[in-house]
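The values are calculated or read from the model by the stated rules, or taken from the named source; none is laboratory data. This is a predicted model, so every value here is computed, not measured. When we count neighbours, we look across all protein chains shown, and the Cβ atoms used for this are built from the backbone with ideal geometry, even at glycine. Protein only, heavy atoms only, side chains kept; ligands, DNA and RNA dropped before computing areas. Shrake-Rupley method; radii C 1.70, N 1.55, O 1.52, S 1.80 Å.
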Amino acid sequence: MRLTPDRVAAEREWVRDRADRVVPIINDVRDDLGEIFETDVDRVTEDQYRAEVDAVFADGDLAVNVAAMVSILRDLDVEGDYPGFVVDELLGRELAATIAGPQPLRTLGEATFHYADLQVHGHEDENAGVDDLEAALAAGFQERLPGWNWTERESPFSVER
């Protein structure tokens, strides 16, 4: 694989163009987790998703790593799929964490990836890694985007000097 600025830009466009598939996953996950944790979580729009994709890809160091994982998962296909189960899970989890950001969002992105991955089933004509890719995008971006009450308040554990 060769990553160039043009390739990173192309991967960004592919991720942006998936809004119609990724945003419903984000909202389904938020609805489910909101119910489980007994909290209201704001829904995400396609415009919010695209703006956050732009923010991720505006950071060149982050962008090149996200683009690499996106590209690998897009192309990943293993005959019979199951033997490739570990590698697409590993890459999906890492992509979700990378997009989500620093701790604790990173770990939440990883955990949410596994939940989202259970909900996402790729199309027959797509490579095996694409459904993990969509789950990873949903998990990572849903952590970055506002809407969770606990992320929109001051932490009670902040210590000021």
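Odds and ends about this structure:
- Cα gyration tensor, region 57-129 - rounded (a/c under 1.5), prolate or oblate: oblate
- Atom-type composition of the exposed protein surface of the chain places 50 percent of the accessible area on carbon and sulfur (1.4 angstrom probe).
- Helical content alone sets the calculated 222 nm signal of the chain at -22000 deg cm²/dmol, taking -39,500 (n - 2.57) per DSSP H segment of four or more residues and averaging over every residue.
- C-alpha long axis of helix 129-144 to longest principal axis of the chain, angle in °: 20 degrees
- Mean Cα-pair separation over length for region 5-143, i.e. relative contact order, pairs under 8 Å, 6 or more apart, %: 29 percent
- Only Lys, Arg (+1) and Asp, Glu (-1) charged, at Cβ; the chain dipole about Cα centre in debye: 660 debye
- Loop-located GluC sites (Glu not before Pro) across region 23-63 with a Cβ neighbour count of 14 or fewer within 10 Å are Glu38, with loop assigned by DSSP.
- C-alpha long axis of helix 5-17 to longest principal axis of the chain, angle in °: 70 degrees
- Degrees between helix 46-58 axis and first principal axis of the chain (Cα, 0 to 90, nearest 10): 80 degrees
- Note that region 1-105 presents 56 Å² accessible area per residue, ligands and nucleic acids not counted, probe 1.4 Å.
- Length-normalised contact order for region 33-108 - Cα pairs under 8 Å, 6+ apart - percent: 20 percent
- Between Asp42 and Asp59, residue separation times 0.36 nm minus the direct Cα-Cα distance comes to 3.6 nm.
- Between His114 and Arg21, residue separation times 0.36 nm minus the direct Cα-Cα distance comes to 31.7 nm.
- Inter-site label distance for Arg161 and Asp125 at 7 Å from Cα along Cβ, in nm: 6.1 nm
- Placing unit charges on the Cβ atoms of the charged side chains and taking the dipole of region 5-143 about its Cα centre, the candidate lying farthest along the positive direction among Ala67, Gln119, Ala139 is Ala67.
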